[in-house]
Amino acid sequence: MSDPPEPPIRLAALPPDGEPWTQGRVSLAVSGEPMEIDVAVPTGPANLTTLLPVFQGLANAIVARGAARAEREGRAISCRAGCGICCRQPVPISEPEAHALAAVVEKMPEPRRSEVRARFAAIQQRLEETGLGAKMGGWLEGERDAVLKSALEYMRLGMACPFLEHESCSIYPDRPLICREYLVTNPPGNCANPGPENIERVEIAGRPSGALIYLGKRETEGGWLLLVNALTFAAEHADAPAQHPAPAVVQTVFGRVAGVGKTSEPSPGAG
């Protein structure tokens, strides 16, 4: 007797009360794995930042399947609250996510907002002093060995993500897509030296982070920036205006994740 079909995944990024929205079902095949997704989004134009809840939910669903597959193979997931080793790696994010993170910080009560902003400023200053910030300008577009070398240089500085508190992510529901996609089954200590020989990443069927980097490109050359530069970037650049109906934007992102209409794009991650 076959297992019953999985219920559809429900994702939503609804507009303010009173504004029209629409709901539809998306049948997605990611690396041959079928996914039924019910999506509710504004009917009219919406930018990628406002649609982030949908893309975050998609990443969660894809990663959950990858984790379940790894565990069925006898590979235990090492990542858990209280292990913040990977939170000292350089984290590339999309432009829409930079605006979203800036909004998260802006909503924090004082004195926490000022404390988090000070952490961002301290890391930026350290990167400027060491020259590493300029060196990483073309990071994702470089050769793998050069990318790994600069990532290790960054980690040796011992700079924790501005959102890391008590070795756990303090904005876990709002964390970047690439952080959601990074799961490992190797001993946690290996993550302090994230070379390919030390890191056993959980394979996932598609990467929403790459799709968002590609589609969100507006002000940066590659469509990405380091998380530690998010506040500065958001202050210097207005969020991209909504230009296309939200259902079409979501369909485009889902299509890229599934490999439909895919073009060359960076594959973030040092491991």
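Points to keep in mind about this one:
- Whichever residue in region 95-113 is within 13 Å of His237 (Cβ to Cβ) and touching a helix residue (DSSP H, G or I) at 6+ places or on another chain (Cβ under 6 Å) and, among such residues, is surrounded by the fewest Cβ atoms within 10 Å (Cβ to Cβ): Ala102
- Within region 1-73, strands (runs of 3 or more DSSP E) holding 1 or more residues that are among the small types (Gly, Ala, Ser) and more than 14 Å from Pro247 (Cβ to Cβ): 21-30
- Restricting region 126-144 to residues that are at pLDDT below 65 and assigned to a loop (DSSP other than H, G, I, E, B), the residue that is surrounded by the fewest Cβ atoms within 10 Å (Cβ to Cβ): Glu143
- Residues in region 51-78 that are in contact with a helix residue (DSSP H, G or I) (Cβ under 8 Å, 6 or more places away or on another chain) and under 26 Å from Pro34 (Cβ atoms): Leu51, Leu52, Val54, Phe55, Gln56, Leu58, Ala59, Asn60, Ile62, Val63, Ile77.
- When each of Arg80, Arg10 is tested for being at pLDDT below 95 and not hydrophobic (A, V, I, L, M, F, W, C), the lone residue that passes is Arg80.
- From the options Pro194, Pro187, residue that is closer than 21 Å to Val63 by Cβ and surrounded by 16 or more Cβ atoms within 10 Å (Cβ to Cβ): Pro194
- Of all residues in region 230-245 being crowded, with 17+ Cβ neighbours inside 10 Å and modelled with pLDDT of 95 or more, the one that is nearest to Cys87 (Cα to Cα): Ala230
The values are calculated or read from the model by the stated rules, or taken from the named source; none is laboratory data. Just so you know, these numbers come straight off a predicted model, no measurement behind them. Note: ideal-geometry Cβ built from the backbone for every residue, glycine included; neighbour counts use all protein chains shown.
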